[in-house]
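A short worksheet on the structure shown next.
The values are calculated or read from the model by the stated rules, or taken from the named source; none is laboratory data. Note that the structure is predicted; figures quoted are calculated from it, not measured. A quick note on method: Cβ atoms are made from the backbone with ideal geometry, for glycine too, and the neighbour counts reach across all protein chains shown. The protein model used for the area step is the full one, side chains on, heavy atoms only, and it has no ligands, DNA or RNA in it. Shrake-Rupley method; radii C 1.70, N 1.55, O 1.52, S 1.80 Å.
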Amino acid sequence: SRIVNVALGQLGPVQRSDTRERVVARLCEMMREAHALGAHLIVYPELALTTFFPRWYLEDEAEIDSFFEREMPNAATQPLFELSRQLGVGFYLGYAELAEEGGTRVRYNSSILVDRGGRIVGKYRKVHLPGHAEHEPWRRFQHLEKRYFTPGQRFGVTQAFGGTIGMAICNDRRWAETYRVMALQGAEMVLIGYNTPVHNAPAPQHDDLSLFHNQLSLQAGAYQNGCWVAGVAKGGLEEGVDSIGGSLLVAPSGEVVTRCLSKDDEVAIARCDLDFCAVYKRSTFNFDLHRRPEAYGLIVAR
Ligand code: ING
């Protein structure tokens, strides 16, 4: 058996005035608690270092850039990397990345996987950017991810924690393709952070189902690909916008094995045996035996 003790590191709200240093202190506090519980890895949310700024229509480039990290680690996040190395606890962290590509600046909604030695071993850039690109004043609040970020181009996997680990971010978890592309690369555990407002402006009738749709998406992804899935929220009332909590960890069976109960900073932990994936990948979801790619062409059609 290849056991990974995985902790959910759910964040409560991060207000605009909360500094990165203050947030990192909260993340460190949860890492210490997770370590005390025997964790090897702690999973943090999407855009964990700042408030969810895509809720605002911002025009000043410098103001937009103020929410982004130019390098990782950096002064604000170094304490988290230090603690990771010191305690032997790896982590998954979402943040806004300002990259330089051939002399031009590109903004991504990114995440990194850090091993138990505090070393970055994987990096991902969010593929499915939800929301809209132009100011839509009819909304109670904006969701301008298509304005502020460039989409990532691929779902990769990383050999870490004794197995094959996949990375995804927020809206990615609602799309079946996300999990399948990584499962086809052997993913045994997929790590996902999210910021999900309760109110979905284009379809307010779904608001009461926001926690259900979160859990449904994570359970489906896990079961249909024979892999573990961790989904971790930044929730609660942020700058007047209420977001769901509902962080949970799903086994390859589709069963929820642990969850957070609050909408605040909260640690939950589970013992994940990566070998448990095999019984699903070898039978029901034996891709080589049962998949019919010749029938799936439309999936990659535009
Ligand atoms: N947030 C939301 C998410 O996919 C959303 C956006 C909410 C889409 C509700 C559809 C319905 O969880 C992010 N950051 O992707």
Can you list the residues of region 161-205 with backbone N under 20 Å from a point 7 Å past the Cα of ARG139, pointing along Cα to Cβ? 169-175, 193-205
When all protein chains stay in place, what accessible area (Å², nearest 10, 1.4 Å probe) is found for PHE52? 10 Å²
Scan the chain and note any complete DSSP helix (H) whose C-alpha atoms cover at least 15 Å along its axis and whose Kyte-Doolittle average is 0.0 or more. 210-223
Compute the separation of the alpha-carbon centres of region 203-229 and region 109-163 and state it in Å as a whole number. 18 Å
Quick check: with the 1.4 Å probe, what order do TRP175, TRP228 take by accessible area, largest first? TRP175, TRP228
Leaving ligands, DNA and RNA out of it, work out the accessible area of GLU63 with a 1.4 Å probe and give it in Å² to the nearest 10. 60 Å²
Be a star and scan region 249-271 for residues whose amide nitrogen sits under 18 Å from the point 7 Å along the Cα-to-Cβ vector of ALA25. 265-266
Does region 1-53 classify as rounded, prolate or oblate by the C-alpha gyration tensor (a ≥ b ≥ c root eigenvalues; a/c under 1.5 gives rounded; else a/b over b/c gives prolate, otherwise oblate)? prolate
In nm, to one decimal, how far is the modelled label at ARG292 from the one at GLN215, with both set 7 Å along Cα→Cβ? 3.3 nm
Spacing of the two label points (7 Å from each Cα toward its C-beta) at ARG271 and ARG2, in nm: 1.9 nm
Given the protein chains as shown and a 1.4 Å probe, how many square angstrom of HIS290 are accessible, to the nearest 10? 100 Å²
If you build the convex hull over the alpha carbons only and average its shadow over all orientations, what do you get for region 150-224? Give it in nm² to one decimal. 5.8 nm²
With all protein chains present and a 1.4 Å probe, the order of ASP273, ASP242, ASP264 from largest accessible area down is ASP264, ASP242, ASP273
So for R0 = 30 Å, FRET eff. of SER262-GLU82 from the Cβ-Cβ r, to 0.05, ends up at 0.60
With all protein chains present and a 1.4 Å probe, the order of ASP18, ASP288 from largest accessible area down is ASP288, ASP18
Summing -39500 (n - 2.57) over every DSSP H run of at least 4 residues in the chain and dividing by its residue count gives a helix-only mean residue ellipticity at 222 nm, to the nearest 500 deg cm²/dmol, of -6000 deg cm²/dmol
Between ILE299 and ASP208, how many nm apart are label points set 7 Å from Cα along the C-beta direction? 3.5 nm
